[in-house]
Amino acid sequence: MITIKDKTFVPLISAEAIQARIQELAEQINQEYADKHPLIVVVLNGAFLFAADLAKNLTIPCEITFIRVSSYRATESSGQVKQILGLNESIEGRDIIVVEDIVDTGLTLAQVCDQLQEKGPKSLTIATLLFKPSALQKPLDLHYVGFEIENRFVLGYGLDYDGLGRNTPNILVLE
Ligand code: IMP
């Protein structure tokens, strides 16, 4: 159990279960990208631990890069517009795997993927550690999913509450 500010979080997914599932995902990627030399695009900050543990289990040649997603309100009618920051490599003609911590509404990743697709990759798949199916608002083809979870706020293993709590080996849920 962890208390951060006014909120209490209780264990949801153990460190062992996370590591075992990541090994399975990595094996799947090793097989499916055996001869593809993919570029792994990690969405910071939340995916940093997932990406690190995933990468340690990848045995194929691959490159890894990191992006951030900024959001700003362009106009009242268009709502939140996300912009990709930090992508210095050309992704044209590349096999891309986008690594994300969690897909909640899916709105962030949908915009990120649309913008990446405009740059002409050969292929683009998504690897997310967590997925809340009942919160999804945009259809997304999630090729690699670690765990499907209920629509509750989670914390740890990269995910934060108000900037805190990223540094746990397990995932916790708001009590
Ligand atoms: P989406 O656009 O609603 O899919 O949300 C994307 C981002 O919101 C994720 O990359 C997380 O940074 C954050 N997020 C969504 N759900 C949670 C949660 O339960 N805990 C912590 N962060 C979350």
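Could you look through the stretch 127-139, keep only residues that are within 11 Å of the ligand (Cβ to nearest atom) and within 13 Å of Val98 (Cβ to Cβ), and pick out the one that is surrounded by the fewest Cβ atoms within 10 Å (Cβ to Cβ)? Checking each candidate, the answer is Thr128.
Table: residues versus (1) among the β-branched types (Val, Ile, Thr); (2) modelled with pLDDT of 95 or more; (3) under 25 Å from Gln111 (Cα atoms).
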position	(1), (2), (3)
Gln31	no, yes, no
Ala52	no, yes, yes
Asn57	no, yes, no
Thr65	yes, yes, yes
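Please indicate, with yes or no, whether at least one residue in the stretch 94-106 is away from the ligand (no atom under 13 Å from the Cβ) and open to solvent by 60 Å² or more (accessible area, probe 1.4 Å). Within the stretch 94-106, none of the residues are away from the ligand (no atom under 13 Å from the Cβ) and open to solvent by 60 Å² or more (accessible area, probe 1.4 Å). Being open to solvent by less than 40 Å² (accessible area, probe 1.4 Å) and under 29 Å from Thr8 (Cβ atoms): is that true of Asp162 here? Criteria not met by Asp162. Scanning the stretch 147-162 for residues that are assigned to a loop (DSSP other than H, G, I, E, B), of a type outside the set (D, E, K, R) and more than 7 Å from the ligand (Cβ to nearest atom) turns up Ile149, Asn151, Tyr157, Gly158. Exactly one residue out of Ala15, Ala51 is open to solvent by 20 Å² or more (accessible area, probe 1.4 Å), touching a residue at least 24 places away in the same chain (Cβ under 8 Å) and within 18 Å of the chain's Cα centre (by Cα), and it is Ala15. Scanning the stretch 98-123 for residues that are within 11 Å of Val43 (Cβ to Cβ) and touching a helix residue (DSSP H, G or I) at 6+ places or on another chain (Cβ under 7 Å) yields a count of 5.
Taking the conditions (1) at pLDDT below 95; (2) more than 11 Å from the ligand (Cβ to nearest atom) in turn, Ser90 satisfies each one other than (1). Go through (1) touching a residue at least 24 places away in the same chain (Cβ under 8 Å); (2) over 21 Å from Glu148 (Cα atoms); (3) exposed (fewer than 15 other Cβ atoms within 10 Å of the Cβ) one by one and return the number of the condition Lys7 breaks. Result: Lys7 fails condition (3) only. Considering Ala34, Ala17, Ala110, Ala51, the condition of being away from the ligand (no atom under 13 Å from the Cβ) and part of a helix (DSSP H, G or I) is satisfied by Ala17 alone.
Of the numbered criteria (1) touching a residue at least 60 places away in the same chain (Cβ under 8 Å); (2) out of contact with any Asp or Glu (no Cβ under 8 Å at 6 or more places or on another chain), the one Gln117 fails is (1).
The values are calculated or read from the model by the stated rules, or taken from the named source; none is laboratory data. Everything numeric in this text was worked out from a predicted model, so none of it was measured. As a convention, Cβ positions derive from the backbone with ideal geometry for all residues, glycine included, and neighbour counts pool all protein chains shown. To get the accessible areas, we keep the full protein, side chains included, count just its heavy atoms, and leave off ligands, DNA and RNA. Shrake-Rupley method; radii C 1.70, N 1.55, O 1.52, S 1.80 Å.
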